[in-house]
Amino acid sequence: MAKASDIKNGNILRFNGDLVQVEEFIHRTPGNLRAFYQARMRNVKTGKLVEYRFRVDEEVEICRVETNDYQYLYEDGTFLVIMDNTTYEQYNVPKFLFGDGIKFLKEGMNVIVAFESEEPIMAQLPQNVELEITYTEPAVKGNTSTNAQKYATVETGVEIRVPMFINQGDKVKVDTRTGDYIERVK
């Protein structure tokens, strides 16, 4: 067990049975009162914000979290199977940890996953992915000069909005957080 004075921003703590990440940690010394630490923490699983005052000598449990790059292999029910690129070990990670960007995930992509004692607690997709357009309406000559957009289906089956000059078979870069088209890849 560690003391509250050992906590730093970014640490993962076990607080009231949940894992929380410290976002802000400030030492306060009010005039004629005892010193304390004011912490703002976010629950890792739910995203809920928690504020708490720690006494200076209060004991806390700082968790050891290992974050690494993994390769996405395939989907297995409510889990995604990932593989460690160095040891070739495979792990099951719940889909909900990846959020809405999971619809842009294709086999073989690298993802970042954080484990706390063999339990996956956080997962992150790359910010941008390159996907091939599998279907879109052909562009009409003269329509490409404006900022008009059309719908296109990418290889993962998701429909996104792209500029008129994008054709079937083109590769495009897509932002996984918003689902927006970024640019055409050559």
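Read the figures in this text as sums done on the coordinates, not as results from a lab. Since the structure is predicted, the reported quantities are computational estimates derived from the model, not experimental observations. Here Cβ is always computed from backbone atoms with ideal geometry, including for glycine, and neighbour counts include all displayed protein chains.
Over the chain, the hull volume per residue, using the convex hull of the C-alpha atoms, is 160 Å³. Extension gain for Asp170 to Tyr52 (0.36 nm times residue separation, less C-alpha to C-alpha distance): 37.3 nm. Once Lys and Arg get +1 and Asp and Glu get -1 on their Cβ, which of Thr86, Gln124, Phe104 lies farthest toward the positive end of the dipole of the stretch 65-124? So the residue we want is Phe104.
Note on the stretch 128-185: Cα-only Rg and Dmax are 10.6, 32 Å. Under the criterion of Cα pairs below 8 Å and six or more residues apart, the relative contact order for the chain equals 14 percent. In terms of packing, defined here as the mean over residues of other Cβ atoms within 10 angstrom, the peptides 122-135, 73-86 line up highest first as 122-135, 73-86. Annotation for the stretch 50-147: trypsin sites (Lys or Arg not before Pro) lying in DSSP loop with at most 12 further Cβ atoms inside 10 Å of their Cβ are Arg64, Lys141. Here Asp18 and Lys150 are evaluated by their C-beta separation; at R0 = 35 Å the FRET efficiency comes out at 0.20. Calculated from the alpha-carbon coordinates, the stretch 87-186 shows an Rg and a Dmax of 16.5, 59 Å respectively. Both radii come from the Cα set of the stretch 65-124: Rg as radius of gyration, Rh as Kirkwood radius; their ratio Rg/Rh reads 0.91.
Per the Debye formula with a single identical scatterer at each Cα and no solvent contribution, what log10 I(q)/I(0) holds for the stretch 2-62 at q = 0.26, 0.29 Å⁻¹? Scattering profile of the stretch 2-62, log10 relative to I(0): -1.09, -1.29.
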